[in-house]
Amino acid sequence: MAYRPTALTRKNAEDKRDGFLRAARALVAADGFKAATVAAIAARCQASVGSVYSYFDGRDRLLAEVFRSAATHEIDLVRLAVSDAGLRASERVDELVRIFSSRALHGRRMAWALLFEPVSPVVEAERLVYRRSYTDIGEQIIRDGLAGGEFVPQDPRLASSAVMGAISEALVGWIRPDSPEPSEEVQAAVIDGIRSFCFRALGVPATAGSAC
């Protein structure tokens with residue numbers, strides 16, 4: 001008779017798999033994707049290397065899932081922050097800059113891993129999806145701002161790509177793993193500088209985002 005897994009054995013397998021993913025994510029958050037070796041993941045879970053491979057089709061696939069999970073969490077937070085239909089487009093841009101930048105500056109190691117750390121092509125494919133999701137969010141906000149006359153006329157997709165690229169690139173020097181952690185005052189100044197730049201690019205006063 002063929003073996004049929006029970007509900008309990010399926011749950012145990014799911015819990016084991018989730019445990020490996022949590023361990024990998026913790027390693028990435030602490031020291032980047034390079035630290036999340038299969039041996040380190042197994043050791044963190046007090047399991048054998050072979051057991052990790054029994055749940056994942058190689059390390060790259062495992063890390064791609066970790067990237068997707070962490071990226072989805074960050075995107076959902078940004079999407080929630082800018083989803084209030086009562087906010088003007090300029091206020092939503094302000095929220096996008098604030099939540100993206102503040103989370104990157106407070107979680108610098110994970111932000112570096114998601115945005116800049118060299119990764120395998122399999123994980124890089126997830127990064128492209130991650131970046132495209134942010135561009136989609138920004139594009140809709142800019143379209144709304146154009147329709148409402150808040151922003152100067154421009155291509156909304158191109159403008160969103162440029163704005164998101166500017167935000168990311170402006171953070172590089174502050175979230176590098178070998179850079180000193182910025183103080184709260186410095187972080188606030190960095191966010192304000194990024195915010196001002198983005199508003200100038202969209203053709204609105206820097207105070208627009210905080211307007212009621």
(request) Quick one: Glu150 ticks every box in (1) of a type in the set (Asp, Glu); (2) part of a helix (DSSP H, G or I); (3) surrounded by 19 or more Cβ atoms within 10 Å (Cβ to Cβ) except a single one, so which number is it? (result) (2)
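Look through Arg10, Arg98, Arg103 and report the one residue that is over 30 Å from Pro180 (Cβ atoms) and of a type outside the set (S, T, N, Q).
Values: Arg98 fails: over 30 Å from Pro180 (Cβ atoms); Arg103 fails: over 30 Å from Pro180 (Cβ atoms).
Result of the check over Arg10, Arg98, Arg103: Arg10.
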(request) Determine whether Pro177 is of a type outside the set (Val, Ile, Thr), open to solvent by 60 Å² or more (accessible area, probe 1.4 Å) and without any contact (Cβ under 8 Å) to a residue 12 or more places away in the chain. (result) no
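Of all residues in segment 115-136 being among the hydrophobic types (A, V, I, L, M, F, W, C) and out of contact with any helix residue (DSSP H, G or I) (no Cβ under 6 Å at 6 or more places or on another chain), which is farthest from Asp94 (Cα to Cα)? Give the steps one after another, and end with the answer.
From segment 115-136, those among the hydrophobic types (A, V, I, L, M, F, W, C) are 115-116, 119, 122-123, 125, 128-129; that's our starting set.
So of that shortlist, the ones also out of contact with any helix residue (DSSP H, G or I) (no Cβ under 6 Å at 6 or more places or on another chain) come out as 116, 125, 128-129.
On the way: Phe116: 23, Ala125: 28, Leu128: 24, Val129: 23 Å.
In this case the residue turns out to be Ala125.
When you go through Ile142, Ile137 one by one, which is the residue that is under 15 Å from the mean Cα position of the chain (by Cα), part of a helix (DSSP H, G or I) and at pLDDT 95 or above? I'd like the intermediate steps shown before the answer.
Values: Ile142 fails: under 15 Å from the mean Cα position of the chain (by Cα).
Step by step, each of Ile142, Ile137 is checked, and only Ile137 is under 15 Å from the mean Cα position of the chain (by Cα), part of a helix (DSSP H, G or I) and at pLDDT 95 or above.
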(request) May I ask you to list the residues in segment 167-178 that are over 15 Å from the mean Cα position of the chain (by Cα) and in a helix (DSSP H, G or I)? (result) Ala170, Gly173, Trp174
(message) It is to be established whether one or more residues within segment 80-92 are open to solvent by 40 Å² or more (accessible area, probe 1.4 Å), of a type in the set (Lys, Arg) and in a helix (DSSP H, G or I).
(response) no
(message) Out of the helices (runs of 4 or more DSSP H) lying entirely within segment 1-74, which hold 3 or more residues that are surrounded by 14 or more Cβ atoms within 10 Å (Cβ to Cβ), touching a residue at least 24 places away in the same chain (Cβ under 8 Å) and touching a Cys at 6+ places or on another chain (Cβ under 9 Å)?
(response) 7-31
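If only one of Val97, Val123, Val119 is open to solvent by less than 50 Å² (accessible area, probe 1.4 Å), at pLDDT 95 or above and part of a loop (DSSP other than H, G, I, E, B), which one is it?
Working: Val97 fails: part of a loop (DSSP other than H, G, I, E, B); Val123 fails: part of a loop (DSSP other than H, G, I, E, B).
Result: Val119 is the single residue among Val97, Val123, Val119 that is open to solvent by less than 50 Å² (accessible area, probe 1.4 Å), at pLDDT 95 or above and part of a loop (DSSP other than H, G, I, E, B).
The values are calculated or read from the model by the stated rules, or taken from the named source; none is laboratory data. This one's a predicted model, so the numbers in the text were calculated from it and none came from an experiment. Positions of Cβ are generated from backbone atoms using ideal geometry, with glycine treated the same way; all protein chains shown enter the neighbour counts. To get the accessible areas, we keep the full protein, side chains included, count just its heavy atoms, and leave off ligands, DNA and RNA. Shrake-Rupley method; radii C 1.70, N 1.55, O 1.52, S 1.80 Å.
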